[in-house]
1. So which of 159/183; 177/392; 177/351; 183/392; 199/351; 183/351 end up more than 30 Å apart by C-alpha?
2. Please report the carbon-and-sulfur percent of the accessible area for the chain; probe 1.4 Å, protein heavy atoms only, DNA, RNA and ligands left out.
3. Taking amide hydrogens as modeled 1.01 Å from N in the peptide plane, which residues meet the under 5 Å criterion relative to residue 354, leaving out close sequence neighbours?
4. Need one number for the stretch 430-544: average projected area of the convex hull over its C-alpha atoms, nm².
5. Per residue of the chain, what 222 nm ellipticity follows from adding -39500 (n - 2.57) for every DSSP H run with n ≥ 4, rounded to the nearest 500?
6. Averaged per residue, what accessible surface does the chain expose to a 1.4 Å probe, in Å²?
7. Once the Cα atoms of helix 109-121 and of the chain are each reduced to a long axis, what angle between those two axes, in degrees from 0 to 90 to the nearest 10, is obtained?
8. In whole Hz, with x marking every Gly and Pro, tabulate ³J(HN,Hα) for the stretch 348-355 from phi via Karplus 6.51 cos²θ - 1.76 cosθ + 1.60, θ = phi - 60°.
Amino acid sequence: MSRRTFLGSALAASALAGVVPAAARAASPPGDVVGKITVGYQGWFAAPGDGSPINAWWHWSDNWGRPPSPSNTAITAWPDMGDYARGYPTAYGNLGDGRPATLFSSYDQQTVDTHFRWMRENGCDTAALQRFNPFGGEGPTRDAMAAKVRSAAEANGRKFYLMYDVTNWLAMQSEIKTDWTTKMSAHTASPAYARQNGKPVVCIWGFGFNDDGRPFAPGPCQDVVDWFKARGCYVIGGVPTHWRTGTEDSRTGFAGVYRSFDMLSPWMVGRIGNVADTDRFHTDVNRPDQAECDARGIDYQPCVLPGDLPARHRAHGDFMWRQFYNMVRLGAQGIYISMFDEYNEGNQIAKTAETQASVPVGSGFLALDEDGTACSADYYLRLTGDGGRMLKGEIPLTPVRPTPPVIGGPPPVVDLARGKPTAQSGQTQGYGSANTVDGNPDTYWESTNNAFPQWVQVDLGTQVAPRRLELALPSSWGPRTQTLAVEGSQDGASFTPLVGAAGYSFAPGTAITLPGRGVRYLRLVFTANTGWPAGQLSVLRAFA
């Protein structure tokens with residue numbers, strides 16, 4: 001079972017009432033998870049004829065007994081198959097370029113070796129092998145996958161550890177101990193098994209989530225954490241987003257359980273979908289999380305995700321890079337990538353179809369170029385590599401994504417206005433000028449009504465020579481024409497004209513060419529609007 005989206009409501013940033021911070025201790029030194037990039041690795045795909053005990057289309061199809069097809073699919077994104085030595089025929093039509101539509105099996109050792117080679121080539125230090133309830137029919141296949149991951153990690157100089165997912169595992173309290181004692185602890189003898197503070201790493205994902213799949217009370221969960229720690233393990237908790245406050249996706253009564261882990265890794269999939277969400281969570285959730293962990297001597301490993309491909313979250317890497325930037329400037333002890341091979345939910349960084357030429361015809365799958373920007377199949381692996389270098393201080397902290405979507409392609413185009421300070425002549429209700437540079441096209445500035453002229457401005461931070469403005473309104477709005485002029489300033493007090501007043505059609509966006517004159521402040525002066533008696537703007541982008 002995949003970790004389906006848990007949607008939160010309003011963010012809660014206050015500390016949990018009644019919880020007194022413990023005395024702080026020093027953060028853990030660098031190890032195999034602290035200071036490192038860890039990727040979640042499902043390793044749960046199979047196909048008939050691959051030799052696996054399950055001998056079925058494991059996680060490719062809804063009905064594992066039938067080959068995957070447009071009407072029988074469990075995935076939302078299509079892998080790039082170029083590096084695999086073997087593919088298994090499906091019931092999809094051919095790819096856009098005429099090749100047959102085949103899929104890999106994780107049970108093939110060459111598949112796991114290929115994945116760990118990609119990790120080595122792109123700076124993914126450690127893999128967290130997902131382990132769901134191994135006492136049912138999937139158990140023998142999962143046991144074999146642990147051995148295959150161990151072999152691949154050893155061959156590629158990567159680390160790995162077991163990440164138990166307790167979803168729907170009702171006998172978890174006793175069986176997880178049996179599984180570790182009789183089977184999985186043997187893998188800690190491998191030089192590739194991850195250690196932190198000299199201890200073998202184990203993660204338990206799912207305690208405290210407020211849903212039917214994880215109905216456990218605090219007592220049994222605390223018992224399991226204590227049991228693993230008593231056996232000398234460094235124990236990570238894959239916990240709800242709102243673990244600190246015990247609200248929304250978290251059950252009550254788990255404050256002690258959460259704070260008994262050595263490291264906390266709150267879940268983020270389904271919580272954010274654009275840059276503005278990322279910044280809001282950084283301020284309201286991640287920052288107080290880090291402070292709480294620092295006060296208690298707990299290591300903090302927030303999630304970074306590439307974005308849900310079918311939901312068009314990715315913004316050709318800008319969404320993921322903003323998360324890297326926010327988590328590194330936060331001072332997080334490590335970063336967990338959600339996930340490496342999650343083709344089911346579309347949050348994979350593993351190689352993915354670049355264009356419709358590599359997607360089955362009629363399947364409805366999007367490719368990495370869905371927003372019009374060409375991206376190589378390995379783009380999100382390379383982006384992860386650069387994020388890891390920034391985490392480790394090998395490249396400077398920067399909000400500007402350094403990774404081109406295609407190797408040898410042009411450098412990233414930088415929006416000079418993104419996130420910069422703004423001001424306005426006036427606003428209606430809560431529709432302030434900061435909404436124009438927050439990266440969210442659905443938030444907007446609206447000036448005081450019936451009071452033209454009105455203006456909105458941005459402080460670019462330093463003198464630059466912008467050549468182009470991109471302006472927009474929310475996509476759900478009807479077309480309208482707004483009359484506006486563009487002015488520039490060095491000091492924010494004395495403005496001179498850059499572009500004279502003219503009518504611009506917003507349907508919902510427009511572009512304005514600038515003379516390239518050096519300015520620090522840009523101001524848009526609105527004098528008319530055919531759709532509403534006010535200046536309105538949801539997007540203000542400036543490019544050199």
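The values are calculated or read from the model by the stated rules, or taken from the named source; none is laboratory data. Because the structure is predicted, anything quoted here is derived from the model rather than measured. Note that each Cβ is placed from the backbone with ideal geometry, even for glycine, and that neighbours are counted across all protein chains shown. For the accessible areas, the whole protein counts, side chains as well, though only heavy atoms, and no ligand, DNA or RNA atoms are used. Shrake-Rupley method; radii C 1.70, N 1.55, O 1.52, S 1.80 Å.
1. Values: 159/183 19 Å; 177/392 35 Å; 177/351 35 Å; 183/392 34 Å; 199/351 33 Å; 183/351 32 Å.
Beyond 30 Å: 177/392; 177/351; 183/392; 199/351; 183/351.
2. Numbers: 10360 of 19680 Å².
Carbon with sulfur: 53 percent of the solvent-accessible area.
3. For residue 354, the qualifying residues are 368.
4. On the way: hull surface 25.8 nm².
Answer in nm², one decimal: 6.4.
5. On the way: 9 runs with 102 residues, N = 544.
That calculation yields -5500 deg cm²/dmol at 222 nm.
6. Values: 19680 Å² over 544 residues.
On a per-residue basis, the chain sits at 36 Å².
7. For 109-121 against the chain, the angle is about 40 degrees.
8. Using θ = phi - 60°, the values come out as 8, 9, 4, 3, 9, 3, 7, 9 Hz.
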